[in-house]
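Chemist: My questions all concern the structure below.
The values are calculated or read from the model by the stated rules, or taken from the named source; none is laboratory data. What you see is a predicted model; the values in this text were computed from it and never measured. Note that each Cβ is placed from the backbone with ideal geometry, even for glycine, and that neighbours are counted across all protein chains shown. Keep in mind that these areas ignore ligands, DNA and RNA; they rest on the heavy atoms of the full protein, side chains included. Shrake-Rupley method; radii C 1.70, N 1.55, O 1.52, S 1.80 Å.
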Amino acid sequence: MPETADTFDTPDAPPATGRRRAAGVTRKGEQTRAAIVDAALELAARVGLEGLTIGSLAERMAMSKSGVFAHFGSREELQIAVLKEYERRFVDDVLLPALEERRGLPRLRAVFDRWLERTAIEAARGCLWISGAAEYDDRPGSVREELVAMVRSWQRELSRAIQQAIDAGDLPPDLDAQEVVFQLYGVILVLHHDGRLLGSPDAVARARRSFDRIVDSHRRPLAAVAPRQTATPARGARAR
């Protein structure tokens with residue numbers, strides 16, 4: 001072949017082309033990793049985080065074990081990635097839409113309503129936070145630490161919503177927000193238990209009524225300290 005300008009000193013791939021190719025490979029890798037996490041999340045809802053294995057995911061994704069392992073350095077890293085994806089979806093479904101409501105009781109009610117609806121759905125397929133608590137309550141390690149951090153973070157968000165209701169005057173100023181967090185968490189746990197284990201058809205309705213009773217029980221002190229109308233002395237009554 002004759003030597004021409006087209007064949008002399010021409011790099012294998014121009015820098016811009018190389019960057020585009022690298023970006024394409026990165027995007028494909030991210031998409032594959034996201035697909036693996038999505039499949040793992042669905043599987044973990046049925047078999048738990050401890051039931052996740054590289055082999056079961058490889059079979060589910062029609063990939064080799066080494067192909068799946070390349071995206072996660074270890075089984076624990078895979079489990080943590082699944083937890084983080086669960087948390088992201090939880091926040092998108094429960095917390096973010098509720099922020100559109102006014103600070104105070106309307107927002108707190110919206111948070112609980114969406115949490116309740118999600119829990120009712122998960123009663124049929126499993127909640128990773130609730131099942132994870134049973135799997136990792138006495139199992140030290142990075143997965144347990146991640147799970148505990150997520151649950152505590154959610155409890156802080158609940159506490160913030162309750163405090164906002166206190167600041168707005170919807171709940172009494174001396175109310176212990178953590179006490180209400182404890183009560184609301186208890187309602188959700190019973191809802192999941194009765195809905196999943198017992199198949200109770202009225203678990204959701206009972207949970208909604210429980211929220212109303214909890215709120216009403218804490219609002220009674222507000223009604224008790226409401227200003228009382230001063231009685232007008234009867235005409236002719238003698239001051240004592």
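Chemist: Note down the relative contact order for segment 40-108 as a percent, whole number, built from C-alpha pairs under 8 angstrom at least six residues apart.
Modeler: 24 percent
Chemist: Expected output is a single nm value to one decimal: the length gained when fully extending between V91 and R139, i.e. 0.36 nm times separation in residues minus the C-alpha distance. What is it?
Modeler: 14.7 nm
Chemist: Another question, if that's okay. If the only charges are +1 at each Lys and Arg Cβ and -1 at each Asp and Glu Cβ, what is the size of the charge dipole of segment 108-204 around the Cα centre, to the nearest 20 debye?
Modeler: For this selection, approximately 320 debye.
Chemist: Tell me the label-point distance for the pair R160, T32, using the 7 Å Cα-to-Cβ offset, in nm and rounded to one decimal.
Modeler: The two pseudo-label positions are separated by 3.7 nm.
Chemist: Can you put M61, M150 in order of accessible area, largest first, using a 1.4 Å probe?
Modeler: Ranked list, largest accessible area first: M61, M150.
Chemist: Give the residue list of trypsin sites (Lys or Arg not before Pro) in segment 23-132 that are DSSP loop and have at most 12 other beta-carbon atoms within 10 angstrom.
Modeler: Qualifying residues, ordered by number: R102, R125.
Chemist: While we're looking at this one, here's another question. At 1.4 Å probe size, put T53, T119 in order of accessible surface, largest to smallest.
Modeler: Largest accessible area first, the residues go T53, T119.
Chemist: What does the charge count around L175 come to, taking other residues whose C-beta lies under 12 Å from its C-beta (Lys +1, Arg +1, Asp -1, Glu -1)?
Modeler: For residues surrounding L175, the net value is -3.
Chemist: If R0 is 30 Å, what FRET efficiency do you get for R102 and R220 from their C-beta distance, rounded to 0.05?
Modeler: 0.85
Chemist: Moving on. Can you compute the label reach from Q178? Point 7 Å from Cα along the Cβ direction, backbone N cut-off under 14 Å, restricted to segment 117-152.
Modeler: Within reach of a label on Q178, which here means backbone N under 14 Å from a point 7 Å along Cα→Cβ, segment 117-152 contributes 152.
Chemist: Next question, about the same structure. How much accessible area per residue does segment 77-176 have, counting only protein heavy atoms and a probe of 1.4 Å, in square angstrom?
Modeler: Computed with neighbouring chains in place, this is 49 Å² per residue.
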